[in-house]
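Before anything else, here's the structure in question.
Rule-based calculations on the coordinates, nothing more; no lab input. Quick caveat: nothing in here was measured; it's all calculated off a predicted structure. A quick note on method: Cβ atoms are made from the backbone with ideal geometry, for glycine too, and the neighbour counts reach across all protein chains shown.
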Amino acid sequence: MAPIATGPHHHRSTTKTTHKAFKTGHASKRALKDKAKGKVERQERGTRKTPHQQLMSKLDRKNQARQKQQLKQQERAQANSIFSGQNGAPRHVAIVPLSVDIDTTAVIRALNQSVDVPSDVSLNTISRVRIDRFRQNVQYIPAKYDLMSALDACRLADFVVVAVSAQVEVEEQGELLLRSIEGQGISNVVAMVQGLETVNPPKKRPQVASSLKSFLNHFFPSVDKVLSVDSRQECSNAIRSLCTATPKGIRWRDERSWMLIEGVQWPESTSKAVDDVVLTGVVRGRGLKADRLVHVPGWGDFQIDSITAAPLPTGRSKRDDAMNVDESDAAQTLDAPSADRDDLAAVAPEEIEMEEDDIESIPDTERKGVLLDDHHYFSDDDDHIPSKPKRLPRGTSEYQSHWFLDDVSDSGSDIVDEDEDEDMEMDISGAPEDGVFPDNRDAMTEGGPSEYPQSEMFLDPSPEEEAAQLEEYRASRRNEAKEDLEFPDEIELHPNVLARERLSRYRGMKSLKTSPWNTAGDRPHEPEDWRRLLQFGDYKGSKNRILREALVGGVNPGTRVNVNLRAVPASLRNRPQPLSLFSLLRHEHKHTVVNINMHLNATAEEPLKAKEELIVQYGPRRLVVSPIFSSAGNTSNNVHKFDRFLHPGRSAIATWIGPLTWGSVPVLVFKAKKPESDDPEVLDTADAPSTATIADFNTDTLDVIGTGTVVAPDPSRVVAKRAIITGHPYKIHKRLVTVRYMFFNSEDVNWFKALQLWTKRGRSGFIKESLGTHGYFKATFDGKINPQDSVGISLYKRVFPRKARALEDLGS
């Protein structure tokens with residue numbers, strides 16, 4: 001038998017057997033954890049996230065949604081409740097023309113005729129009509145083609161009808177009106193076009209309407225259609241929107257009580273201050289309280305004597321006439337002032353003026369150096385020098401440390417420095433002139449060849465040579481400053497002027513953002529009544545408390561009342577009838593340091609100079625102010641740099657002394673336009689014609705240059721004006737530099753010797769010693785400096801805001 005041939009033997013590649021995977025209905029926690037690999041996955045759509053939702057059943061969730069819906073409907077019904085009824089409050093509709101050819105009277109007449117309401121509309125008069133189709137009262141407020149008239153009408157309106165022309169394009173004045181009413185706050189907007197039927201051929205009319213809608217959507221995106229005044233159907237649709245829509249209102253206005261003045265009654269009196277001047281209108285917003293002051297734009301602030309009911313006459317039956325006679329003889333008093341009424345004092349009385357702090361103990365004659373932070377260095381006292389820290393055993397308490405002498409042995413390992421664990425927090429943001437220097441230890445700075453021989457004797461140059469060199473240097477610096485404006489705060493000292501006298505009010509600061517500011521030296525320069533201004537311990541808490549207080553009490557909104565004012569000047573008889581009355585919240589008549597976050601429009605022709613006279617409108621007030629500008633932001637020492645100019649497209653904090661306004665209220669900033677025929681060089685001077693324009697109330701020349709928002713007032717906020725004195729590195733030897741043109745005598749060098757030097761490229765140093773008698777000095781820096789670099793010191797003084805004036809007081 002032949003042998004059997006066998007092939008080579010093969011082994012299995014592995015001894016493991018692959019089993020069929022277990023079919024789980026869902027992934028296990030371990031599988032999900034392995035798959036995530038430490039990442040936190042987003043939960044799937046529809047999963048309940050909060051523990052409260054985990055416990056709620058489907059029925060509970062439906063019930064919660066139903067409750068939210070009912071609450072929303074209840075709030076909407078409550079907002080519209082004051083408009084319901086035969087004698088309900090009228091809906092205020094402002095008619096604002098955007099071109100000269102718009103006839104507001106024709107617009108009102110067309111709206112009334114579309115719902116069959118006959119009315120005789122007079123020119124530029126407020127008219128009230130009853131629309132029976134929608135059971136609503138409408139009060140039309142026609143505005144003129146004027147800035148102030150449009151602003152006054154729109155801040156009282158529930159609906160604003162913007163009327164544009166189909167023939168005349170909206171000019172610059174019309175765009176100014178739109179920007180202004182948008183900036184002060186606006187409620188619902190309805191757009192209408194007049195003269196659309198005159199456009200020929202008719203097929204171009206939709207194109208014209210579409211073009212006007214595109215223009216208005218740039219300011220009011222909610223406008224979805226431009227309605228035609230010439231179409232009865234579209235006018236009827238506009239009336240339907242005005243009578244059925246819920247006005248969204250203006251927040252700052254609805255937080256206060258206000259009313260549209262329908263009539264003014266002056267009693268017969270020959271005195272200068274007239275009592276019982278009656279203003280009639282319907283209360284809107286919050287409840288009107290007799291304890292609070294009221295502001296009448298164009299008149300001023302007044303106290304209320306009483307608030308009485310003033311219902312409209314109704315056609316009742318003859319059976320009720322006897323009862324009506326008794327009610328009319330004695331008007332029903334709705335509210336009267338109590339002991340909690342506000343007074344007209346703008347500042348605190350002198351008796352409660354804060355006690356003055358102690359002035360510095362060193363007389364002026366004994367000071368030997370500039371004030372740096374809290375001390376005059378190089379003076380005779382050494383209180384500013386910190387005591388040498390003791391080396392104490394570990395675990396020593398503060399009480400036990402007083403029993404150790406300064407000469408304790410430090411050979412033991414348990415000895416520790418007392419200030420070893422103190423942490424120093426450094427603010428790394430800022431520029432070298434602010435006292436903030438980058439970490440440039442490894443930065444290679446070009447030092448140039450050494451020009452400082454060790455054994456060279458210093459000799460003062462001749463006066464003629466030094467004057468020529470100084471003029472040449474400053475001429476080159478002026479050209480450089482015009483090109484890039486690298487040193488906006490730089491000042492130039494005259495060689496014959498003593499710097500310590502010229503800058504006597506200035507002080508030094510190690511860091512603008514962290515160094516403390518001693519206010520004792522600013523006491524002689526404070527404005528009048530500075531310490532009697534309203535101050536706040538907790539502004540946010542006070543604001544919330546005042547706003548909650550306005551929610552309750554007072555005459556209910558929707559009530560037609562007579563407001564009796566007291567002590568109204570008789571000179572106001574000759575002025576036009578005011579349009580509105582605003583109730584002030586508590587303390588809103590008192591003066592404080594008003595701060596607004598102001599933005600200058602990018603379209604402004606030139607920068608706005610600080611302390612330039614402007615007209616601002618915030619809330620119900622219009623003031624003539626001369627604001628100072630400072631940088632925004634929060635700092636630990638509450639010190640902010642003063643800005644000499646506010647450039648177009650930038651923002652800053654504008655500050656003045658004026659009446660308080662609670663909340664974030666929008667601000668409009670106006671400035672008089674420059675006459676085109678005048679010489680521009682004259683307009684750049686301080687004799688600008690803005691004062692005359694404001695005094696004459698010529699609002700045609702006003703232009704909106706900026707907007708803003710009221711921020712928290714703070715009298716303790718320090719606005720520091722910076723002055724930079726620069727010098728030129730004359731000779732450089734490693735880190736030792738001779739500087740000239742910063743000072744012009746040795747006494748000034750010694751006076752400012754304690755201040756820190758800085759360069760444009762981020763180097764820092766100190767004055768070492770004075771050279772000669774012409775102001776040259778040696779300085780040491782933390783590294784080599786560039787020969788083209790500039791050496792400077794920063795000095796600061798506090799700038800106080802100026803007091804504002806009411807626009808109505810200026811006109812009187």
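Roughly how many whole Å is it from the C-alpha centroid of region 743-812 to that of region 595-667?
Centre-to-centre distance over Cα atoms comes out at 27 Å.
Can you list the HN-Hα couplings for region 264-271, worked out from phi with the Karplus curve (6.51, -1.76, 1.60; θ = phi - 60°), rounded to whole Hz and with x for Gly and Pro?
Result, rounded to whole Hz: 10, 10, 9, x, 6, 7, 10, 6.
Tabulate in residue order the Karplus-calculated ³J(HN,Hα) for region 191-197, using 6.51 cos²θ - 1.76 cosθ + 1.60 with θ = phi - 60°, rounded to whole Hz; enter x for Gly and Pro.
Using θ = phi - 60°, the values come out as 9, 9, 10, 10, x, 5, 5 Hz.
Oh, and also: How would you rank 567-576, 583-592, 28-37, highest first, on the average number of other Cβ atoms within 10 Å across their residues?
Details: 567-576: 13.5, 583-592: 21.6, 28-37: 9.5.
Top of the packing list down: 583-592, 567-576, 28-37.
Using modelled backbone amide H atoms (1.01 Å from N, in-plane), which distant-in-sequence or interchain residues come within less than 5 Å of Asn562's amide H?
Amide H neighbours of Asn562, under 5 Å, 5+ apart: Thr308, Ala309, Ala310.
Sort Thr270, Thr603, Thr559, Thr514 so the one with the fewest other Cβ atoms within 10 Å of its own Cβ comes first.
In increasing order of surrounding Cβ atoms, one gets Thr270, Thr603, Thr514, Thr559.
In addition: Would you grab the residues whose amide H sits under 5 Å from the one on Val164? Only those 5+ places off in sequence or on another chain, please, with H modelled 1.01 Å from N.
Distant-sequence amide H within range of Val164: Met192, Val193, Gln194.
Give the distance, in whole Å, between the Cα centre of region 486-558 and the Cα centre of region 190-224.
If you average the Cα positions of each part, the centres end up 50 Å apart.
In whole Hz and in residue order, list the ³J(HN,Hα) couplings for region 232-241 that follow from phi through the Karplus curve 6.51 cos²θ - 1.76 cosθ + 1.60, θ = phi - 60°; x for Gly and Pro.
5, 5, 6, 5, 5, 5, 5, 5, 4, 5
Let me ask another. Run through the DSSP bridge list for region 81-249 and note the antiparallel percent, rounded to the nearest 5.
Details: 5 of 25 bridges.
That works out to approximately 20 percent antiparallel.
Can I ask one more? Rank the residues Val711, Val226 as a footprinting-exposure proxy: fewest other Cβ atoms within 10 Å of their Cβ go first. Walk me through the numbers before you get to the answer.
On the way: Val711 16, Val226 24.
Least crowded to most crowded, the residues run Val711, Val226.
Nearest-5 percent of antiparallel DSSP beta bridges in region 159-314? The partial results should precede the final answer.
Details: 11 of 21 bridges.
Taking every DSSP beta bridge with both residues in region 159-314, the antiparallel ones total about 50 percent.
Still on this structure, please answer the following. Rank the residues Cys243, Cys235, Cys154 as a footprinting-exposure proxy: fewest other Cβ atoms within 10 Å of their Cβ go first.
Working: Cys243 19, Cys235 22, Cys154 25.
Ordered from fewest to most neighbouring Cβ atoms within 10 Å, Cys243, Cys235, Cys154 come out as Cys243, Cys235, Cys154.
List the lysines whose Cα sits under 23 Å from the Cα of Lys33, skipping any in the same chain fewer than 8 residues away.
The reachable lysines, counting only those whose Cα sits under 23 Å from Lys33, are Lys20, Lys23, Lys49.
Let me ask something else. Long-range amide H contacts for Ser127: which residues qualify at under 5 Å (H placed 1.01 Å from N, peptide plane, sequence gap of 5 or more or a different chain)?
Amide H neighbours of Ser127, under 5 Å, 5+ apart: Tyr140.
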